[in-house]
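Trainee: This is the structure I want to talk about, given as structure tokens.
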Amino acid sequence: MARLDEHPTVRAHRSIEPTPPAPLTLEELRRICLDAGADDVGVVEIARPEIADQREEILRFFPATQSLISIVCRMNREPILSAARNVANLEFHTTSDHINHAARLIVAKLALRGIRAINPPSGFPMDMASFPGKLWVVSHKPVAVAAGLGQMGIHRNVIHPKFGNFILLGTILTDAHVDAGSSPIDYNPCLECKLCVAACPVGAISENGFNFSACYTHNYREFMGGFTDWVETIAGSRNPQDYRDKVTDGESASMWQSLAFGPNYKAAYCLSVCPAGEDVIGGFLKDRSRFIQETLKPLQQKRETIYVQRGSDAESHAAQRFPHKTIKHVGNVLRPTSIKGFLSGLVHVFQPGQAKDLDAVYHFQFTGLEPAMCTITIRHQHIELQDGHVGTPSIRVRADSASWIKFVRRERGLLRMLLSRKLILKGDPRLLAAFGKCFPG
């Protein structure tokens, strides 16, 4: 058998001195991206402080990364405004496919110039093996902000200065050095008009910040956690009639549709009603009353099912603001699998409304497979986490880590843990009950 280094192609290749690719100019890169189908482009160097919290993971995924190319593709606005969510979801999915196609084409064009590049998905598919932890390679929103493609609105969506929030985002990682980076825009297009607050059926946007679990439970009902909850409903049903008592034929058909054609968002109304951006703001400024009647009111008045966890802020909000909508209780869709996941997820599932009268400091000590110590302070309807034990505790909680995760997932009862000494409390037990109310499910 001939040795590899004697192969004629290998010998010919070794005789050629490699030529590094010429540096890209920002203008040239913009032309490549716009020709591929992007509507706007920005560049962020890997060393930029705005993406410092992502840098290590990005470099682990693609060690050659020198620059991040952020691209925007705008959606057609009228479909997103429609109260018929099937029309809006078609636009979401079609634009998502378009931005992934554009990113792939950009990577191919750069490869022809000897430039290495890779395009993580704009949305799904993601790394489901990491669920319920972080599933994505790159957080597109902070990259887009750093690249000058907009600023975050109070609804936690990027608002482009021209296109508004009617956009989807993509990011391309490349080993190319670009002669100039992009800078964030020096103002926020968000008008703080609060129409997104008024539109959200589960109250996910409020003065207390963004209620992640409320949005995730309802809007993403047919994604990930909502899907596993549906599967458990099937598994827990005694017979077909018992299942039909829990899940309507329409809901079953909707799950089939999501499996066959892509998951559907149940709301995303915050995007629909946002008047920010040069292309959108004209109608709002000309006649605000008409704008509200045509965009906000149809969504508020729509009769639909709202998915909430029992005892959550979303349940209270929907019952008070939208009595004509049907409230349906569903299971916990954000169950941690580790102490690290439990602690990092607390801020996302915290319910400020349920913590209205709580003022307490919790010292947690976890033992066993995942030893950890932390301080959790709940005060003035806000939560703060600190490493180690800080200050004077209102209650001390010592728990075996594996048993605690089973308790949080409702796979093990509190009494059993106390009797087996897997959980030891020092302080008023009612404080632990009050703690649990802040995290429904």
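Trainee: Hey, what's the Kirkwood Rh for segment 394-441 if you take every pair of different alpha carbons, in angstrom?
Mentor: The answer is 11.0 Å.
Trainee: While we're on this one: Relative to the Cα centre, what is the charge dipole magnitude of segment 42-142, using +1 at the beta carbon of each Lys and Arg, -1 at the beta carbon of each Asp and Glu, and rounding to the nearest 20 debye?
Mentor: Magnitude of the dipole: close to 240 debye.
Trainee: Hey, any idea what Rg/Rh is for segment 172-224, computing Rh the Kirkwood way over Cα pairs?
Mentor: In segment 172-224, Rg relative to Rh is 1.20.
Trainee: Report the normalised scattering of segment 312-441 as log10 I(q)/I(0) at q = 0.13, 0.15 Å⁻¹, calculated by the Debye formula with identical scatterers on the alpha carbons.
Mentor: Taken in order of the listed q values, log10 I(q)/I(0) reads -0.56, -0.73.
Trainee: Any chance you could tell me what percent of the C-alpha pair distances in the chain go past 34 Å?
Mentor: 43 percent
Trainee: If Lys and Arg each add +1 and Asp and Glu each add -1, what is the summed charge of the other residues whose beta carbon sits under 10 Å from the beta carbon of His363?
Mentor: Every neighbour counted, the sum reads +3.
Trainee: Over the chain, what is the relative contact order in percent, taking alpha-carbon pairs closer than 8 angstrom and at least six residues apart?
Mentor: 13 percent
Trainee: I've got another one for you. Which semi-axis lengths, in whole Å and largest first, follow from the square roots of five times the eigenvalues of the Cα gyration tensor of segment 196-318?
Mentor: Equivalent-ellipsoid dimensions as semi-axes: 32, 16, 13 Å.
Trainee: Further question on the same structure: In whole Å, what are the Cα extents of segment 351-420 along the three principal axes, biggest one first?
Mentor: 34, 25, 17
Trainee: So, one more: For Gly164, list long-range residues whose amide hydrogen, built 1.01 Å from N in the peptide plane, is under 5 Å from its own amide hydrogen.
Mentor: Glu278, Asp279
Trainee: If you build the Cα gyration tensor of segment 254-307 and take the root of 5 times each eigenvalue, what three semi-axes come out, in whole angstrom, biggest first?
Mentor: Result for segment 254-307: semi-axes of 29, 14, 7 Å.
Trainee: Which longest run of the chain has no exposed loop site in it, a site being GluC sites (Glu not before Pro) in a DSSP loop with at most 16 other beta carbons within 10 Å, and the site itself not part of the run?
Mentor: Longest site-free region, per DSSP loop and neighbour criteria: 1-191.
Trainee: Suppose all protein chains stay in the model; what accessible area per residue would a 1.4 Å probe give for the chain, in Å²?
Mentor: Ligands and nucleic acids excluded, the figure is 51 Å² per residue.
Trainee: Quick one: plug the Kirkwood hydrodynamic radius of segment 178-262 (C-alpha pairs) into Stokes-Einstein at 25 °C, 0.890 mPa s, and report D in µm²/s.
Mentor: 149 µm²/s
Trainee: Express the C-alpha Rg of segment 55-199 as a ratio against the empirical globular expectation 2.2 N^0.38 Å, rounded to two decimals.
Mentor: Dividing the Cα radius of gyration by 2.2 N^0.38 Å gives 1.11.
Trainee: Does segment 116-235 classify as rounded, prolate or oblate by the C-alpha gyration tensor (a ≥ b ≥ c root eigenvalues; a/c under 1.5 gives rounded; else a/b over b/c gives prolate, otherwise oblate)?
Mentor: In terms of gyration-tensor shape, oblate.
Trainee: In the chain, what percent of the accessible surface is made up of carbon and sulfur (1.4 Å probe, ligands and nucleic acids excluded)?
Mentor: Answer for the chain: carbon and sulfur cover 54 percent of the accessible area.
Trainee: Too long at a 18 Å Cα-Cα cut-off: which of Lys194/Lys297; Lys266/Lys302; Lys266/Lys328; Lys325/Lys437; Lys302/Lys328?
Mentor: Pairs exceeding 18 Å: Lys325/Lys437.
Trainee: Under 18 Å Cα-Cα from Lys422, which lysines qualify once same-chain neighbours fewer than 8 residues away are excluded?
Mentor: Those lysines meeting the cut-off are Lys406.
Trainee: Take the Cα radius of gyration of segment 97-143 and divide it by 2.2 N^0.38 Å, with N its residue count; two decimals is plenty.
Mentor: 1.33
The values are calculated or read from the model by the stated rules, or taken from the named source; none is laboratory data. What you see is a predicted model; the values in this text were computed from it and never measured. Cβ atoms come from the backbone with ideal geometry, glycine included; neighbour counts cover every protein chain shown. Protein only, heavy atoms only, side chains kept; ligands, DNA and RNA dropped before computing areas. Shrake-Rupley method; radii C 1.70, N 1.55, O 1.52, S 1.80 Å.
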